[in-house]
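Colleague: Below is the structure I would like to discuss, written out as structure tokens.
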Amino acid sequence: SLGVRSHLMIAHSFKGSEFGPAQEMHGATYEASIELSTPQLVEGCNWVMDIGELTGIVDRVVGKYHLKCLDKLFDENTTTEFMCAVLHRDISRELSSIPTPFRGALKVTLFESSRAWASYCADVVPPAPPAA
């Protein structure tokens, strides 16, 4: 596996009484951990993928949400679990469109603190071919 880290600061609020005081606007600072896993290293390079290329992808994707109010970007509750899935979707799209697309599993973890985090892990699915 290969991993890189980043961070993002966001603002958001939640809908629903079950969220208590978090229904009010509040901020969160996440440490993002991105991990790629594959059963085989790339032949000839002996790597999962170029770490510089992965870092660039993660920086671009995380940058879309860093210092943003998520209430203005999404019409649903932007829980930590939800944002893990969003980052996974966005990073997967980029990993599928590079010259040598990554094939394997991607795990996105957002740490809210040293005691609390959420993760989303699934295979990177190549994009469907264009309809003929």
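Colleague: All other residues with a Cβ under 14 Å from the Cβ of Val61 taken together, and with Lys, Arg as +1 and Asp, Glu as -1, what is their net charge? Write down the numbers at each step before the final one.
Modeller: Values: positive: Arg5, Arg60, Lys64, Lys68, Arg89, Arg93; negative: Glu53, Asp59, Asp90, Glu94.
With Lys, Arg at +1 and Asp, Glu at -1, the neighbours total +2.
Colleague: How large is the helix-only mean residue ellipticity at 222 nm for the chain, computed as the sum of -39500 (n - 2.57) over DSSP H runs with n ≥ 4, divided by its residue count, in deg cm²/dmol to the nearest 500? Write out the running numbers ahead of the final one.
Modeller: Values: 2 runs with 31 residues, N = 132.
Result for the chain: -7500 deg cm²/dmol, rounded to the nearest 500.
Colleague: I've got another one for you. Using DSSP to define loop residues, name the trypsin sites (Lys or Arg not before Pro) in the stretch 32-68 whose beta-carbon has at most 16 other beta-carbon atoms within 10 Å.
Modeller: Numbers: sites: Arg60, Lys64, Lys68; in loops: Lys64.
Answer in residue order: Lys64.
Colleague: Please work out the C-alpha center-to-center distance from the stretch 63-132 to the stretch 19-44 and express it in whole Å.
Modeller: Rounded to whole Å, the Cα centres lie 8 Å apart.
Colleague: What nm value, rounded to one decimal, do you get for the distance between Cys45 and Arg93 when each label is placed 7 Å out toward the C-beta?
Modeller: It works out to 2.3 nm between the two label points.
Colleague: While we're looking at this one, here's another question. At 1.4 Å probe size, with the rest of the protein present, what percent of the exposed accessible area of the chain is carbon and sulfur atoms?
Modeller: On the way: 4240 of 7840 Å².
Heavy-atom surface of the chain belonging to carbon and sulfur, 1.4 Å probe: 54 percent.
Colleague: What do you get for the angle between helix 51-63 and the principal long axis of the chain? Use alpha-carbon atoms, 0 to 90 degrees, nearest ten.
Modeller: 30
Colleague: Can you pull out the GluC sites (Glu not before Pro) in the stretch 1-79 that DSSP calls coil and that have at most 13 other Cβ atoms within 10 Å? Provide the component values of the computation, followed by the final result.
Modeller: Details: sites: Glu18, Glu24, Glu31, Glu35, Glu43, Glu53, Glu76; in loops: Glu24, Glu43, Glu76.
Passing sites in the stretch 1-79 are Glu24, Glu43, Glu76.
Colleague: Only one of the listed values, (i) 22.5; (ii) 15.8; (iii) 15.0, was derived from the coordinates as Kirkwood radius over Cα pairs in Å; which label is it?
Modeller: (ii)
The values are calculated or read from the model by the stated rules, or taken from the named source; none is laboratory data. Remember, it's a predicted structure, so these values are computed and weren't measured experimentally. Positions of Cβ are backbone-derived with ideal geometry, glycine not excepted, and every protein chain shown enters the neighbour counts. Ligands, DNA and RNA are stripped out before the accessible areas are found, and what is left, the full protein with its side chains, is counted by its heavy atoms. Shrake-Rupley method; radii C 1.70, N 1.55, O 1.52, S 1.80 Å.
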